[in-house]
Amino acid sequence: MNGQGQVWVEELCRQAGYTRRHLDRTFAELVGVSPKQLAGIVRFHRYYRMMNAAGGTSFSQLKEWYDAYYDRSHFVKEFQKYTGLSPREYKMRPNSFGTIFLQ
């Protein structure tokens, strides 16, 4: 299954035949994070790779790339969670985070 971070955990439970609690516990033991956390990481990583490949493209022009998020505020919140900066602050500040994150 390759949902690129867009798999509903309930659907994953149904396909695996596990309860939500059992899946969360087993997943955390084997992977280190919950399925929901991993989906967020995968979703953000996908967006982040596309954003860096686009170079100087503004965030407003990348809307179709972050449609995996419920709305813009959810996207901004997750962006800050993984980078420590708002998208605007990130674009204005030179940093090497992208080089490290994409390797």
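FYI, it's all coordinate maths here, none of it is from the lab. No experiment lies behind these values; they were computed from the predicted model shown. Backbone-built Cβ (ideal geometry, glycine too); neighbour counts: all protein chains shown.
Assorted remarks:
- Förster-model FRET efficiency, 35 Å R0, Arg20 and Ser86, C-beta, rounded to 0.05: 0.60
- Rounded FRET efficiency, nearest 0.05, which uses the C-beta distance separating Lys77 from Glu11 and R0 of 25 Å: 0.60
- Mean Cβ count within 10 Å, highest first, over the residues of peptides 17-27, 34-44: 34-44, 17-27
- Packing-based exposure ordering (other Cβ within 10 Å, fewest first) of Glu10, Glu78: Glu10, Glu78
- Multiplying the residue separation of Tyr70 and Gln37 by 0.36 nm and subtracting their alpha-carbon distance yields 10.3 nm.
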